1. Could you calculate the FRET efficiency of residue A:49 with residue B:79 from 1/(1 + (r/R0)^6), where r is the beta carbon distance between them and R0 is 51 Å, rounded to 0.05?
2. Report the paramagnetic label zone for residue A:113: residues of segment A:30-66 whose backbone N is under 19 Å from a point 7 Å from Cα along the Cα-to-Cβ axis.
3. Over all residues in B:100-110, what is the mean tally of Cβ atoms on other chains that come within 10 Å of each residue's Cβ?
4. Contact order normalised by length for segment A:5-259, with contacts defined as Cα pairs under 8 Å and 6 or more residues apart; what percent is it?
5. Direction-averaged shadow area of the convex hull around the Cα atoms of chain A, nm²?
6. Across peptide B:85-93, how many C-beta atoms of other chains are within 10 Å of each residue C-beta, on average?
7. Just need log10 I(q)/I(0) for segment B:144-194 at q = 0.16, 0.24, 0.27, 0.28 Å⁻¹, Debye formula, equal scatterers on the alpha-carbon atoms, no solvent, rounded to two decimals.
8. Kindly give the semi-axes, whole Å and largest first, of the ellipsoid equivalent to the protein assembly as shown, taking each as the square root of 5 times a Cα gyration tensor eigenvalue.
């Protein structure tokens, strides 16, 4: 199946935005990265909104998104994605406003923790809509879990890079970097599980070259060395984004359908 | 009620007349199809070679995956007729139904930006006429009707065939395709295709 770029971009950006919200929540729990949270939530909002805009380009006409919104409680894959996109944007906006107004730290922390949960859900549901029995290479929970891990890895490395850019305390960077590293390790496990459960059918260059070697192994190396060279945090972001793109591209390329009868007939193929 | 096609592969010659009749009757766009014919085989070793054709179109599943993924309710199964249909006024062109269809028998209309498929010609059957593909089949291989009604052409064709000649396309899980293919072992061995 051809790569559906609007959907790929949506899954990538919304997943990254959700991952970013998760790390903002984590930073609130730990009481670290005070100087980075505001810019982080603004970036998360931009990622979610731009991702949402990208997804409508896949429809017959962009305005058709209104019909999908009108049927939001059909709870189809698209509806669930829309619901969580809306929830995450609202939570991020509430957090942003409360931070700007300098509301009580306790209430901000509650909103941030809610954002952590909804962000994790966002990163998961953007992959869960593809789990369907007619697509044998998508029909595994390892796919949405890979999307989730990828979203957390991108969000985590981006959050750490922001902290480095904002020249946050080294100990605080180190603390959040451990969690970004954990997200990348989770990504490695989930990506490999997805490859195993689909019988190693994923594109060698895209999946093993880009998602595993660059997107995971190189990202782990960069993240592990952030304490020695903080600038490697930017490298980790770049690598994890490459991994996120590659995972999603590999999924589309592996989408073959159960019995693609019209596709066979179109090339005068035989069964 | 489960209205569907019953296709006798013992008779089908793979001539594509059903494809042409469908396009003509339903004004299907150039390059798009609501049904197609796929060759299975040839297989075997000379002189014991066999081949048959699968005329492929919507299988009118009882548990259609296309309906489950549709975000707007555009894809639906008519509870009165058992036919799976698309309300084009509700279709947003997201194409999730095309990903979810186990048989890859839906098509995207680039002009009207909606998904289309076999409808079993309700514009004809409402007037007690046959779907265009059935009416025009050169070899009399296609039958239409409610397979739960013993007096229908479809049910009679099934009743006339031996039990080992009745087949459905393979089901990836719980889709329950209704369309029936008749293929006698003496003509060719049915292949599961997956």
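1. 0.80
2. A:30-34
3. What the average comes to for B:100-110 is 5.
4. 24 percent
5. Spelled out: convex hull of the Cα atoms, projected over all directions, averaged, 14.8 nm².
6. Averaged over the peptide's residues, the number is 3.
7. The Cα Debye sum returns log10 ratios of -0.52, -0.97, -1.08, -1.10.
8. 52, 24, 16
Read-outs throughout are calculated quantities, based only on the coordinates presented, and are distinct from any laboratory measurement. Everything quoted here is computed from the prediction, not taken from an experiment. Quick reminder, even Gly has a Cβ in these numbers, built from the backbone with ideal geometry, and neighbours come from all protein chains shown.
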